[in-house]
């Protein structure tokens, strides 16, 4: 148990630094910035207590907000994403009680990819709605949400395929 806590702490610090120092410097077409820090939300165990998940995701979001100077938009988006994660898992996996962690399987790869796509989309929709702070910019909100979801999905799918190809239990 202690080693898994240290693993998540190391992963948290590494992903925040990668997001702040590397991914935020990537700006394609003045729109796209991949959010690799969402890998932390995906990698949190499903059976972890809800308050621990919410606290960890709030700290993740507020840490990214600190580097981006975005006023809490990332913290709110991360909390929404972790809050909706069980709903999306239940929607795609439909009652598989043995599911304790999200990882890529050869039998059902599209289930994880569906959960991943929904999580990224919900995170980005909340993030860009709060960043634009005006519903009159709905075209811009949808454009940023779509393109960033697309590139974050590709990036996170590669990360999951490389780092999370086997189940891990806490």
Odd one out for residue 133, checked against (1) at positive phi; (2) touching a helix residue (DSSP H, G or I) at 6+ places or on another chain (Cβ under 7 Å): (2)
Helices (runs of 4 or more DSSP H) contained in region 1-113 and holding at least 3 residues closer than 17 Å to residue 155 by Cα and at pLDDT 80 or above: 38-43
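The values are calculated or read from the model by the stated rules, or taken from the named source; none is laboratory data. Since we're looking at a predicted model, the values are computed, not measured. Glycine gets a Cβ as well: all are built from the backbone with ideal geometry, and neighbour counts include every protein chain shown.
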